[in-house]
Amino acid sequence: MAVREKATATLMRAITKRTTNHMPSNQPLPSLRRAFSLYDQINLINNVPEDQLRFQQFTDTGFRVNGVHYEGSWLCVGNLLMSWQPKNLSEVTPESLSIFQTVRPVPEILLLGCGKYIQPVNPELCAFIHSTGMKLEAIDSRNAASTYNILNEEGRIVAAALLPYGIES
């Protein structure tokens with residue numbers, strides 16, 4: 001509390017000084033940030049178990065997962081990473097996702113990374129995904145990888161089918 005009171009007093013002096021000296025209003029205000037915080041000790045992003053998949057970076061041609069760069073399209077189920085054949089969204093078919101007919105337990109959601117932009121998904125593909133018991137979320141590959149990280153970190157059963165980010169159609 002003493003640190004907060006001291007910072008508040010410093011801020012009040014600076015504000016009072018500014019109004020009496022008529023300093024330009026575009027000067028930055030003094031920071032109230034404490035010199036030390038417990039939050040500085042916590043690193044949620046890099047503190048992941050070694051056996052858990054973690055997308056760390058993406059390029060136009062692939063993804064960096066747990067420190068290793070992988071080129072092309074990838075299919076992730078839980079903590080398994082598999083090379084995936086489709087090169088663009090038009091090649092994503094029920095046959096290309098047929099593994100989900102046998103995967104148990106069934107993931108609660110399939111994150112479909114469409115490349116650089118969100119694109120509409122073929123109704124036949126939507127019907128196939130729903131027939132397996134999964135929900136489908138079609139988003140750009142960057143956000144699909146990020147969402148996969150969060151859901152996987154929470155311990156949820158999640159799958160991702162990711163096209164490289166450089167794919168536009």
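Values in this text are rule-based calculations from the coordinates and carry no lab data. All figures in this text were calculated on a predicted structure; none of them were measured in a lab. Here Cβ is always computed from backbone atoms with ideal geometry, including for glycine, and neighbour counts include all displayed protein chains.
Computed values, structure above
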read-out: Amide hydrogen neighbours beyond the local backbone of Ser73, cut-off 5 Å, H modeled; value: Trp84
read-out: Cross-link reach list, aspartates and glutamates versus Lys135, counting only Cα pairs under 15 Å and skipping chain neighbours closer than eight places; value: Glu108, Glu124
read-out: Relative contact order (percent, whole number), segment 66-141, Cα cutoff 8 Å, 6+ residue spacing; value: 28
read-out: Quotient of Cα Rg and 2.2 N^0.38 Å for segment 70-169, N being how many residues it contains; value: 0.95
read-out: Inter-probe distance in nm under a simple model that places probes 7 Å from Cα toward Cβ, at Asn88 and Thr61; value: 1.8
read-out: Per DSSP, loop chymotrypsin sites (Phe, Trp or Tyr not before Pro) in segment 76-148 with at most 16 further Cβ within 10 Å; value: Tyr117
